[in-house]
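The values are calculated or read from the model by the stated rules, or taken from the named source; none is laboratory data. Bear in mind that the values here come from a model prediction, so they are computed numbers and not experimental data. Backbone-built Cβ (ideal geometry, glycine too); neighbour counts: all protein chains shown.
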Amino acid sequence: MRIAILGAGVTGLTAASILTQEGVHVEVFEAQSQIGGIAKSFDLWGAKVEFGPKFFDLTYFPEIIHELEGLLSSDEYIRYERNTQIYSDGILSAYPPRPLNLIRQLGPSGSIKAGIDLIKHRLFSKENPEKNVSAYVSSKIGGYLFEKYFRSYSEKIWGCPCEEINSHYAKLLIGFNDSYFNKIKQVFSSQKGKGTTSYFFPDAGMGVIWDRLGERITTNGGIFHLGIPLKKIVYDDSGITINPGSPEGGKFDQIISTIPNIFLLKALGMTGAELKRHFAGQRFRNLILAYFKAEVGNAMPQHCLYLYDKTIKGVRLSNFTNFTKTKKTSDGKDILVMEYWLDDNDELWTSSSEEIIVRQLKQDLNHIAGLKEIKPEAFHFHSIKNAYPIPDIKYLDRLAHIEALVNDIPHIKTVGRNSSNAFNFGMDTAMASGIQVAQEILQKDYSRA
Ligand SMILES: Cc1cc2nc3c(=O)[nH]c(=O)nc-3n(C[C@H](O)[C@H](O)[C@H](O)COP(=O)(O)OP(=O)(O)OC[C@H]3O[C@@H](n4cnc5c(N)ncnc54)[C@H](O)[C@@H]3O)c2cc1C
């Protein structure tokens, strides 16, 4: 059996690794010249920093640990406790929000107000919780807490009112579909406030994991075609041909696609007008990652600050130096990154001048108590177009429509962050989906034999 994998991100690499270990012929087609997708690392000011993900959580999918085994020796990575906080109205509090922490912040009168409001919502609200994020979260924690702790950040991230955001977002992100038992457990465990040691970070950056996985795939006979974007897929009696006529193409029995569905459908011959119709209404948020170096000292001990405050345009500030001791610039400074989530027409996105981003960044730092003294010295920017699909009210319907379209195509399986179009799809989920699709293919092949 010959398998083509489209995309050498975490999902594609994991699937390729499992299939090649079982002796399957695998060829990976990747548009970029480097593997790793969003989870690549890059060199900046003498240190390795992350293009995207920083938190690799090993809690939820035990099966990924087996795949990671042997890739790094124990002195090449650390396991650490996550230290992340919310910054709102000049106050720092735990992130993810912890109920007891919230109660302490609200004080006696605020807590009573929140409690009465919660009972009112539970007993008397006639609003359908599935209507939108506002209705859903209010039905779970009451309107008072929703307004105080949930609305501003969600609206900053998505650039639209919570009434226009799908309730699915809250369910996935916050886990409000947990049982009440778990919620109660969460309240009591929050006393400890110690985070978790389940996070994993390689000294040489996340990218080293995927580079090593790439080496394992090559050793097991897998072939990489780097800098080769998928252009065309043709079906005929002899199988499926990728990029026909190109020396970097070939015939395959099965395709695993981890690239955006829109590129897959285009390669299958769908016209621009058809694509426009099928994807109509889907809006995205673009991302600008503004890296800078600075003397931080003890001003920011956290890995990340989640900036709920509406007076700050950035949504998350991360300090790479706090992830591992080696992440200092060659002149001994900290490296940080501020994330800006932007609409197509936002000035920060449309402007060709980096000066505007620098000005915004300095203004934002100036609004964060404790970080006012930080003086950014050098800058580096990454723009990610269409980084996150906005989970608006029609989001799930559109997703189901596209899933039905791609599921109808024989011998093509779509997996990973791009095919699921999900906003909270982590590296752990990406690996788990790569494992699942590889196992499905192996089982099918064995049953045929
Ligand atoms: C800013 C940011 C922060 C994040 N933070 C975290 C975090 O802290 N923790 C966490 O677990 N996850 C995080 N994530 C999510 C995580 O990075 C992704 O879920 C994971 O890396 C997705 O892997 P993937 O292989 O599914 O997709 P991708 O990484 O997108 O891989 C798809 C690959 O397909 C290639 N491709 C695209 N089009 C074509 C084409 N036409 N032909 C051939 N190849 C093509 C791309 O170049 C890419 O290499 C973050 C994501 C972002 C954007």
**Long-range neighbours under 6 Å by Cβ, at least six apart or interchain, first residue in contact (Cβ under 8 Å) with a residue 12 or more places away in the chain within region 422-439, second among the acidic types (D, E) and surrounded by fewer than 20 Cβ atoms within 10 Å (Cβ to Cβ)** = D428/D57; I435/E63
**Request:** List the helices (runs of 4 or more DSSP H) that sit entirely inside region 86-165 and contain at least 3 residues that are among the hydrophobic types (A, V, I, L, M, F, W, C) and modelled with pLDDT under 85.
**Result:** 99-124
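Okay, residues lined up against (1) farther than 21 Å from G314 by Cα; (2) touching an Asp or Glu at 6+ places or on another chain (Cβ under 6 Å):
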| position | (1), (2) |
| --- | --- |
| K126 | yes, no |
| G142 | yes, yes |
| E147 | no, no |
| F150 | no, no |
| G159 | no, yes |
| L172 | yes, no |
**Asked** What is the number of the single condition among (1) away from the ligand (no atom under 15 Å from the Cβ); (2) modelled with pLDDT under 95; (3) surrounded by fewer than 23 Cβ atoms within 10 Å (Cβ to Cβ) that Y308 does not meet?
**Response** (3)
**Asked** Quick one: in region 384-438, which of the residues that are out of contact with any His (no Cβ under 9 Å at 6 or more places or on another chain), in a helix (DSSP H, G or I) and of a type in the set (S, T, Y) is surrounded by the most Cβ atoms within 10 Å (Cβ to Cβ)?
**Response** S419
**Message:** Just to be sure I understand the filter: pairs with C-beta atoms under 7 Å, separated by 6 or more residues or on different chains, first member in region 238-255 and touching a residue at least 24 places away in the same chain (Cβ under 8 Å), second member hydroxyl-bearing (S, T, Y) and in a loop (DSSP other than H, G, I, E, B). Which pairs pass?
**Reply:** K251/S238
**Message:** Residues that are under 28 Å from R82 (Cβ atoms), away from the ligand (no atom under 13 Å from the Cβ) and modelled with pLDDT under 95: does region 1-12 have at least one?
**Reply:** no
**Prompt:** Which one is farthest from K171 (Cα to Cα), of the residues in region 367-423 that are in contact with a Gly (Cβ under 7 Å, 6 or more places away or on another chain) and of a type outside the set (A, V, I, L, M, F, W, C)?
**Reply:** G416
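Results for (1) farther than 18 Å from P410 by Cβ; (2) within 12 Å of the ligand (Cβ to nearest atom); (3) not β-branched (V, I, T), shown as yes or no for each residue.
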{"residue": "I242", "(1), (2), (3)": "no, yes, no"}
{"residue": "I255", "(1), (2), (3)": "no, yes, no"}
{"residue": "G269", "(1), (2), (3)": "no, no, yes"}
{"residue": "K276", "(1), (2), (3)": "yes, no, yes"}
**Message:** Would you confirm whether or not region 56-74 contains a residue that is touching a strand residue (DSSP E or B) at 6+ places or on another chain (Cβ under 8 Å), closer than 26 Å to Q439 by Cβ and surrounded by 19 or more Cβ atoms within 10 Å (Cβ to Cβ)?
**Reply:** yes
**Fill in**
Given the conditions (1) within 16 Å of the ligand (Cβ to nearest atom); (2) not in a strand (DSSP E or B), every one holds for I441 apart from (1)
